[in-house]
Amino acid sequence: MQFQKGAKLYSSEVQREGGEDILYINYIGAPYVPSISDYPKVMERVVDFLVENQNVSRVILVQQKNYNYDFEETLILLEIAQLYTYLVRQENILSQKKLITNQEQFFTQRYNEIFSFIFWLKQDPIAAYFELKRLIINSKIFLEKADVQYKIDQSNYLNLLEKVFLLLENTKLIQAVLPHLEGYRRGNREIYHKVFRPEVIPNFTFTRLVSDLPADAEIVAQYEIGKDFDVSLVNILRMKDESKLIYHLIPPENILSENYNMLLNLARGVLIEHQPKAEEFTDTERTRQVFFNISKDLLQDLAQNKGIKLSYSNLNQLATILVRHTIGFGLIEVLLQDKNLQDIVLNAPISRTNIFLRHQTYDECSTNILPSQEDVDSWAAKFRMISGRPLDEANPILDTQLEIGKIRARISIIQQPLSPDGLAYAIRRHRESPWTLPLFVKNKMLNPFAAGLMSFLIDGSRTLLVAGTRSSGKTSLLGSLMLEIIPRYRIIVIEDSLELPVESLRNLKYDILRMKVRSALLKTTTEVSADDGIRTSLRLGDSCLIMGEVRSVEAKALYEAMRIGALANVVAGTIHGASPYGVFDRVVNDLGVPATSFKATDIITICNPIKSPDGLHSWKRVLQIAEVRKHWNKDPIEEKGFVDLMKYNVEKDELEPTDDLINGDSEVIKSIASNVKGWAGNWDAVYDNILLRAKMKKEIVEVAEKTGNANLLEAGFNTLSNHMFHRISDEIGQEIGLPWGDRVFPEWQRWLNGEVKKRKI
């Protein structure tokens, strides 16, 4: 909230936001930074406002930075305000009737005593507590020495004091400070810092962020994210009584000087009036660049007018911050800079719930960030414009994506009536460059042999489904398999949310076409349905077909494509399912694909997280690679239609080849071999090729670790390595008839070593 220009100093306003009433008090122009802890008059002013507005759940003192006192802190002050209201307005504690019984000569003294207590109650309740304690002690002394005629009157007054003292002592404030009162001196306000620690929010944003580290927190890890002039500090904290760790973020916008905050606040007011139109959001990168340039010019002009010096790096930093808090997505963008994050969750009611996230190393974490209702409403409007999809009561679900430079994320939003408490977000951060099979080997999601087998199956133009639960790595694994397709073949990718690494493959010179289809959750939209998209792809020429996720009626069209594409091109997609039979059950019983059509599936790969015995840790793993046999009629379980090629060994924490695979009893692999000269009926040559691919993937991982060159694991080098493998295999095959591993691997290894040396220079 921003007070209008010229608003009166110390004026207040209560606004209803995100299901809560927030009290804003204007301190713009005050000669000091407002603090309830430091200044008695600030505390008194807040209590006075709360006396008149007792439904308030947050207090924000507005200056160049906003000082936010959360629900718990506001509740403490509300209790003092309610006590004041009760004593003065309901009990009328200053009245003659309350202060004396029959001795009128004591009224003036007692009135002054209670008036002094009431005066201190609003601006220094701890001082009021000690003042009351002093009055009680003096009253007891007087009662003991008093003549009989005064005892009833004095006893009634003492009872009144003790009643008030009990009410004050039982307040949350006094209970909180009782352990710290030893050595307290009246007027010393340092003790209030133990109770009131506001969240400091720059005035150009609304999202709250708890800047201070919790007093009893243990720092588990600390690192920086971002680059150049836009660097944020991350602390991973452990609290004694909490199972979740805390992801504590300190972005650059929260440690700016007052002058820089003022510049951003002024510039934001100007830019808000020039928000981009809906059509401009279709090219977000260009729009952001235009606004970045405008922001730099605007900030430079404002700095000159205000006599504030701005260096080149400061100017770029402020412009970057301004863009993300006007046309961007605020601190969500800062979080997305962290390559360790996998999921970011904003639960409703968002303004009262910390952001949660999933960290690659530290699993589920809470954060120190509380988004505001203004921000989340603004983000929802922008995502509607970016996606071109509706988000309203009739369509309370929105799936879309966000791209900022190299950062890519899938965005899922729900709202009322599906989410009765309002907007909620789930954000899946994609890796900036695609996952590769060597990267998965390094991270133990699969082992080299499994990587070699998957590479072999892709080259063999099989139909594959990658299955698993949510957050099991299905889409990432499918993306890595796309990199195993020889770039000379055309690829058509069909998705309702753009998650697969199409841009990266395009940059690697892949012949790739992306088709965006209607989400299965939408009933009506201008987008083409997924099943029509699949059927259209079959008319676009000879291509590999990659389906982002099989969700609904498009399953039937996909199986048409599988049956048409069998033995010609790779057809692959992801689907939810925890086992091969679970996939069958979903495809046949839930999605209505005939059981006979399901046989068009050659391979089902199952990904799932595994957990540690304490339940606090989990790791993504490929648990099963199974082939689908073709001889069964009704039930593939009863008729042994599923045969495992590799199975996860939980004790060894890796996939192991089954006897069926080792002994050559794989119909899918035999089918691949039957179409390759020299491999038909030659299981040794086929198995040798799988082992060769596995050995190459393992060698890349080991060399990358040995040399410290992580780029060897990335998509660019993976594609180059595969190209050299195919080229060397072709040369050796022409020379000796078959590309045997003992001849191909040394040649490929020499090439690898040469590349490593070249990249060192």
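When HIS726 is tested against (1) open to solvent by 20 Å² or more (accessible area, probe 1.4 Å); (2) modelled with pLDDT under 95; (3) under 30 Å from ARG431 (Cβ atoms), only condition (2) is not met.
The residue that is most open to solvent (accessible area, probe 1.4 Å), counting only those in region 541-561 that are in contact (Cβ under 8 Å) with a residue 40 or more places away in the chain and among the hydroxyl-bearing types (Ser, Thr, Tyr), is SER543.
Set side by side, the residues ARG488, ARG506 differ, and just one is open to solvent by 10 Å² or more (accessible area, probe 1.4 Å), more than 26 Å from THR658 (Cα to Cα), of a type outside the set (A, V, I, L, M) and at pLDDT 90 or above, which is ARG506. Among residues of region 206-235 that are within 22 Å of SER372 (Cβ to Cβ), those with a Cβ under 8 angstrom from a residue that is basic (Lys, Arg), sequence gap 6+ or separate chain, pair up as ASP212/ARG197.
Checked against the criterion of being free of Cβ contacts under 8 Å to residues at least 12 places away in the same chain, of a type in the set (Asp, Glu), closer than 30 Å to SER243 by Cα and surrounded by fewer than 17 Cβ atoms within 10 Å (Cβ to Cβ), region 608-621 has at least one qualifying residue. Of everything listed in (1) among the aliphatic types (A, V, I, L, M); (2) touching a Pro at 6+ places or on another chain (Cβ under 9 Å); (3) open to solvent by less than 10 Å² (accessible area, probe 1.4 Å), the single unmet condition for VAL441 is (3). Whenever a residue of region 146-158 is over 13 Å from LYS98 (Cβ atoms), its partners that are assigned to a loop (DSSP other than H, G, I, E, B) and open to solvent by less than 90 Å² (accessible area, probe 1.4 Å), lying with C-beta atoms within less than 7 angstrom and at least six residues away or across chains, give the pairs TYR150/GLN103; ILE152/THR101; GLN154/ALA146. Within region 66-75, the residues that satisfy the criterion of being touching a strand residue (DSSP E or B) at 6+ places or on another chain (Cβ under 9 Å) and either open to solvent by less than 30 Å² (accessible area, probe 1.4 Å) or free of Cβ contacts under 8 Å to residues at least 40 places away in the same chain (or both) are ASN66, TYR67, ASN68, TYR69, GLU73, THR74. Note on region 200-216: residues that are in a loop (DSSP other than H, G, I, E, B), modelled with pLDDT of 75 or more and in contact with a Ser or Thr (Cβ under 6 Å, 6 or more places away or on another chain) total 1. Given (1) within 25 Å of LEU505 (Cβ to Cβ); (2) crowded, with 16+ Cβ neighbours inside 10 Å, identify the lone condition not met by ARG384. Among (1) within 25 Å of LEU505 (Cβ to Cβ); (2) crowded, with 16+ Cβ neighbours inside 10 Å, ARG384 violates only (1). When region 91-130 is filtered for residues that are in contact with a Lys or Arg (Cβ under 8 Å, 6 or more places away or on another chain), assigned to a helix (DSSP H, G or I) and open to solvent by less than 40 Å² (accessible area, probe 1.4 Å), the ones remaining, listed by number, are LEU99, GLN123, ALA127.
Of all residues in region 311-327, those being surrounded by 20 or more Cβ atoms within 10 Å (Cβ to Cβ) and either in contact with a strand residue (DSSP E or B) (Cβ under 8 Å, 6 or more places away or on another chain) or in contact (Cβ under 8 Å) with a residue 40 or more places away in the chain (or both) number 8. I'd like the full set of residues that are over 18 Å from ALA600 (Cβ atoms), open to solvent by 10 Å² or more (accessible area, probe 1.4 Å) and not in a loop (DSSP other than H, G, I, E, B), limited to region 626-665. Across region 626-665, the qualifying residues are ASP644, LYS647, TYR648, ASN649, GLU654, GLU656, PRO657, ASP659, ASP660, ILE662.
Would you check if LEU712 is out of contact with any Asp or Glu (no Cβ under 6 Å at 6 or more places or on another chain), open to solvent by less than 60 Å² (accessible area, probe 1.4 Å) and more than 20 Å from ALA451 (Cβ to Cβ)? Judged against the criteria, LEU712 is not a match. Pairs needed: first member in region 514-537, among the small types (Gly, Ala, Ser); second member anywhere, open to solvent by 50 Å² or more (accessible area, probe 1.4 Å) and at pLDDT 70 or above; C-beta distance under 7 Å; at least 6 residues apart or different chains. These pairs meet every condition: ALA520/ARG551; SER529/ARG518; ALA530/ARG518.
Listed by first and then second residue, the pairs linking a residue in region 636-663 that is within 12 Å of LEU453 (Cβ to Cβ) to a residue that is surrounded by fewer than 12 Cβ atoms within 10 Å (Cβ to Cβ), with Cβ atoms under 8 Å apart and 6 or more places separating them unless they lie on different chains, are LEU655/ASN649; GLU656/ASN649.
The values are calculated or read from the model by the stated rules, or taken from the named source; none is laboratory data. None of these values were measured; they are calculated from a predicted model. Using ideal geometry, Cβ is built from the backbone for each residue, glycine included, and neighbour counts are taken over all protein chains shown. Accessible surface is based on the protein model in full, side chains and every heavy atom, while ligands, DNA and RNA are left aside. Shrake-Rupley method; radii C 1.70, N 1.55, O 1.52, S 1.80 Å.
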